[in-house]
1. If the Cβ limit is 8 Å and pairs must be 6+ apart or interchain, which residue in region 64-84 that is touching a residue at least 24 places away in the same chain (Cβ under 8 Å) pairs with which residue that is of a type in the set (Phe, Trp, Tyr)?
2. Please note which strands (runs of 3 or more DSSP E) are completely contained in region 36-121 and include at least 3 residues that are under 14 Å from the mean Cα position of the chain (by Cα) and aliphatic (A, V, I, L, M).
3. When you go through (1) closer than 28 Å to residue 215 by Cβ; (2) surrounded by 14 or more Cβ atoms within 10 Å (Cβ to Cβ); (3) at pLDDT 95 or above one by one for residue 64, which number turns out not to apply?
4. Write out, first by first residue and then by second, each pair whose Cβ atoms fall under 8 Å of each other, whose residues are 6+ apart or on separate chains, and whose first residue, in region 112-133, is under 15 Å from residue 24 (Cβ atoms) and at pLDDT 90 or above while the second is exposed (fewer than 11 other Cβ atoms within 10 Å of the Cβ) and aliphatic (A, V, I, L, M).
5. Please enumerate the residues belonging to region 147-167 that are among the hydrophobic types (A, V, I, L, M, F, W, C), closer than 16 Å to residue 103 by Cα and at pLDDT 95 or above.
6. Here is a check on your reading of the model: is residue 173 under 17 Å from the mean Cα position of the chain (by Cα), closer than 22 Å to residue 135 by Cα and assigned to a loop (DSSP other than H, G, I, E, B)?
7. For region 1-49, give me each residue that is over 19 Å from residue 80 (Cβ atoms), surrounded by fewer than 19 Cβ atoms within 10 Å (Cβ to Cβ) and out of contact with any helix residue (DSSP H, G or I) (no Cβ under 8 Å at 6 or more places or on another chain).
8. For region 74-87, which positions are more than 23 Å from residue 25 (Cβ to Cβ) and buried (at least 19 other Cβ atoms within 10 Å of the Cβ)?
Amino acid sequence: MKGGNLKNKKILVTAGSTWVAIDSVRVITNIFKGKTGVTIAEKASKLGAKVTLLLGPSFDVSSIKLSKNLNIVRFKFFDDLDRLVSKYLSEEKFDVVIHSAAVADFRLAEVHNGKIKSNVGELILRLVPTNKIVDGLKKISPDIFLVKFKLEVGITPVELENVAIKSLKQSNADLIVANIYNPKFTGHEAYIIDKTGKSVKVVGLDMISQVIFNQIP
């Protein structure tokens, strides 16, 4: 075991989906609610870490087991999460960031002011890439232990690991969780890969959490 002692560690966790606006009442989002990040945050707080959880709009906060070590901050839009992450890392000293939020990769090139009429016929939306929040985290706080999450669909396990290693290096992360997509959502499997390229296959949120915690110095 490399680490695993979380007592009094300050951990920032992001979880859940983000919204990007189409108009004043419509958004683009994804299917992920944030269960993985919430589970990690709950478990870390029980082990004595002081956890700030930035949680997206799709998760029912009433189901979370609250504790004195767990501070929950809600967000809805991509820009909200981007601003909150920058704010917390600039104003407070965190030991660890676990960035598990399902962040929007695209946004509207132009957001309609008001509500687009339903009788317009065919509607074409032009999307442009969002900035990669995770790529800027160590620029704000160079000493954090950064855990990044990655999901790809329709590739082999070997391809997934290769993509994950490149992604880890791109963000200067210390650990990456490469999720194996399961369309039936009947279990959670992933590869956890460190900076040396060592990969461990994990099954279930308990095991994912524990392997991450064991790598925190």
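The values are calculated or read from the model by the stated rules, or taken from the named source; none is laboratory data. Only a predicted model underlies this, so the values are computations on that prediction, with no experimental measurement involved. FYI the Cβ positions are ideal-geometry reconstructions off the backbone, even for glycines, and counts take in every protein chain you see.
1. Pairs that qualify, where the first residue is touching a residue at least 24 places away in the same chain (Cβ under 8 Å) and the partner is of a type in the set (Phe, Trp, Tyr), are 76/19; 77/19; 78/19; 81/75; 84/75.
2. 50-55, 96-99
3. Result: residue 64 fails condition (3) only.
4. Qualifying pairs under 8 Å: 115/25; 116/123.
5. 147, 149
6. When the stated conditions are applied, residue 173 passes them.
7. Scanning region 1-49 gives 5, 7, 8, 10, 31, 46, 48.
8. 85
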